[in-house]
Amino acid sequence: MPAHNTEIADALDQIADLLELEEANPFRVRAYRNAARAVRGLGTEVAALLARGDELPRIRGVGEDLAGKIKELARTTHLPLLDELRHQVPAVALELLRLPNLGPKRVKLLVDQLDIHSIEQLHRALLDGRVRDLPGFGAGIEKKLLQAIEERSHGPARFKLAAVEGFVGPLLDYLGKGPGVGKVTVAGSYRRCQETVGDIDILATAAKGPPVTKWFTQYEEVARVSAAGDTRATVVLRSGLQVDLRIVPEESYGAALHYFTGSKAHNIAVRRMGQERGLKVNEYGVFRGRRRIAGATEEEVYRTVGLPFIPPELRENRGEIEAAAAHQLPELVELADLRGDLHAHSTATDGHNTIAEMAAAAREGGLDYIAITEHSRRLTMAHGLDPERLRRQIAEIDRFNATKPGITVLRGIEVDILEDGKLDLPDGVLGELDLVVAAVHSRFNLSREQQTERILRAMERPHFTILAHPTGRLIGEREPYDVDMPRLIEAARQRGCFLELNAHPDRLDLSEVHCRMAKEAGVLLSVASDAHRTTDFSYLRFGIGQARRGWLGPQDVLNTRPLRELRALLKRTTA
Ligand code: DGT
Ligand code: CA
Ligand code: CA
């Protein structure tokens with residue numbers, strides 16, 4: 001059975017960790033790490049490439065031997081080397097490596113110096129204060145480890161929406177071919193486009209349930225069957241993702257879809273609306289006494305309780321029911337409304353494609369303009385631009401636009417907001433640009449007051465246009481920095497500048513709540529991909545999901561504007 005790229009990459013990372021624990025040659029360790037990163041970033045499944053008879057793309061630092069191992073992993077999900085290494089290291093080391101901040105070096109110290117043989121022992125050692133005094137540890141790491149161990153007992157982690165997407169499509173296709181299956185749809189938090197999902201909920205219609213649940217449990221990606229009955233089943237896929245399937249008759253489809261889409265809070269509020277009319281609403285239909293009066297479609301369910309259809313992204317009981325009852329639901333923005341993308345990188349800094357390639361991909365995707373916004377010099381790791389290189393890029397963009405490429409490339413920058421709120425490039429060169437996207441990339445741990453002041457000061461700079469990824473969070477990895485968002489929004493309103501809704505699936509930054517706050521203040525949002533390669537423009541769809549959850553309509557989004565209108569809005573900030 002072929003492996004997914006994420007599985008291959010995890011295996012390569014694990015080999016690197018284990019080699020490092022064994023104090024293997026650092027170059028060998030690094031080769032595995034590089035290979036893992038490269039495989040994770042590939043746009044196509046390695047297994048699919050091999051199945052077509054194509055070769056692996058060339059990966060820097062990956063020689064023939066390692067490429068052979070990647071292929072073997074792709075084909076079989078197994079590698080004798082990995083099994084061998086796993087036997088050589090103590091079992092607890094593997095578990096410890098999964099905790100945050102614990103790499104091979106620290107794991108070795110814990111095992112050798114504190115004689116840790118289980119997570120429980122580590123927990124006790126942390127509580128006793130014995131860990132923080134080890135070299136290379138400290139109070140910060142102590143706190144993070146305690147937190148992680150305590151969170152482990154609160155059940156499995158949630159999955160990012162984008163990570164789940166790849167599993168949903170093939171599963172729906174498979175179920176669609178099941179015996180007697182009519183409709184198949186995904187419901188739950190996934191349908192509501194929540195940024196993370198706990199599990200996948202799938203609804204299928206069929207006259208007879210048992211053959212369908214059997215078909216479901218036989219899906220090749222299933223690792224474990226947790227429950228299988230006549231009309232429902234729960235499985236865990238090889239990725240660790242849980243999937244719940246419900247099978248209902250056609251006449252209950254709408255009611256069941258409504259029920260399993262949730263959210264629970266929305267369901268309860270709708271049920272209450274029904275009760276006020278003497279109706280019972282559940283997953284089988286809407287009933288007056290014992291008579292079913294609705295249930296085949298969601299529209300029907302809503303209509304019987306006196307409401308128009310409510311889009312899934314709004315179903316959180318955050319005022320959507322009241323708005324629907326008053327016929328004041330917002331018109332929600334759609335992917336097709338976007339005319340451009342105002343945050344993208346190229347090979348000049350840490351992107352993987354040239355400006356021409358990025359522009360061609362964006363045009364293919366139906367966009368009329370993109371802004372190239374490279375990092376600034378402070379980000380040396382990303383090879384950030386200094387004024388001289390930025391001016392060269394401006395000239396390059398002008399030459400490119402002069403070739404009439406069928407899309408307009410705007411001259412931008414993603415300039416660093418320095419610790420003191422100054423921007424990382426002088427006003428002179430910033431004034432030569434069409435827009436200045438500014439972002440915090442350092443000192444995430446300032447106090448709320450200091451962080452807010454820092455950003456407010458940056459917003460006051462003469463050419464500041466858009467605050468990129470406004471809270472700096474990485475979903476599941478880095479908490480947002482502490483900042484007074486209502487104050488930033490108010491400042492943006494007064495200043496006439498904009499906030500970004502970064503659509504990268506690891507970021508989705510701004511949150512839906514802050515999106516709605518910005519909308520209410522009249523501050524436009526730039527829904528932007530932060531593309532580092534041509535395929536990344538597809539991230540815009542995640543940004544649109546988040547925008548819809550934030551009640552945004554086309555008018556609330558900066559980059560739904562045609563180019564001419566956009567230029568006028570940008571001028572407000574750069575002139
Ligand atoms: P998740 O999986 O944690 O990301 O979030 P959901 O919303 O997908 O929740 P899940 O999978 O537990 O249940 C799917 C839907 O089923 C949920 O959105 C609403 C509905 N549901 C589940 N439990 C209840 C309940 O006790 N009452 C009501 N009214 N609805 C429920
Ligand atoms: Ca769910
Ligand atoms: Ca569920």
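Every number here is computed from the coordinates shown, using simple stated rules; none is lab data. If you're wondering where the values come from, they're calculated on a predicted model, not measured in any experiment. Methodologically, a virtual Cβ is constructed for each residue, glycine included, from the backbone with ideal geometry; neighbour enumeration extends over all protein chains shown.
Does segment 460-565 come out rounded, prolate or oblate by the C-alpha gyration tensor, with a ≥ b ≥ c the root eigenvalues, rounded set by a/c under 1.5 and, if not, prolate when a/b is larger than b/c and oblate if not? Because its axes are fairly even, with a/c under 1.5, segment 460-565 counts as rounded. As a proxy for reagent exposure, ranking S252, S226 by other Cβ atoms within 10 Å from fewest up yields S226, S252. Spin-label model, K208/E120: points 7 Å from Cα along the beta carbon direction are separated by 4.9 nm.
Computed extension gain for R290 through R391, at 0.36 nm per residue and net of the alpha carbon distance, reaches 28.9 nm. For segment 253-325, the spread of Cα coordinates along the three principal axes comes to 31, 23, 18 Å, biggest extent given first. DSSP beta bridges confined to the chain are antiparallel in about 45 percent of cases. Here the scattering of the chain is modelled by Debye summation over its C-alpha atoms, one equal scatterer each and no solvent; at q = 0.09 Å⁻¹ the log10 of I(q)/I(0) is -0.86.
With a Förster radius of 41 Å applied to the C-beta separation of K177 and R28, the computed FRET efficiency comes to 0.35. Shown here are the Rg and Dmax of the Cα trace of segment 159-248, at 12.0, 34 Å. Binning the alpha carbon pair distances of segment 1-120 at 10 angstrom intervals from zero yields the distribution 13, 43, 29, 12, 2, 0, expressed in whole percent. For segment 372-477, the alpha-carbon radius of gyration amounts to 1.14 times the rule-of-thumb value 2.2 N^0.38 Å expected for a compact globular protein. Annotation for T354 and R478: the two label points, set 7 Å from Cα along the Cα-Cβ direction, are 3.2 nm apart.
The amide H of L307, built 1.01 Å from its N in the peptide plane, has no neighbour under 5 Å, considering only residues 5 or more places off or on other chains. Legend: residue pairs K280/K519; K160/K183; K69/K108; K404/K571, Cα-Cα distance threshold 30 Å; pairs beyond threshold, K280/K519. Convex hull volume of the Cα atoms of segment 199-307, normalised per residue: 97 Å³.
The D133 and R58 beta-carbon pair, evaluated with R₀ = 45 Å, returns a calculated FRET efficiency of approximately 0.45. Rounded to two decimals, the Cα-based Rg/Rh of segment 422-484, with Kirkwood Rh, is 1.00.
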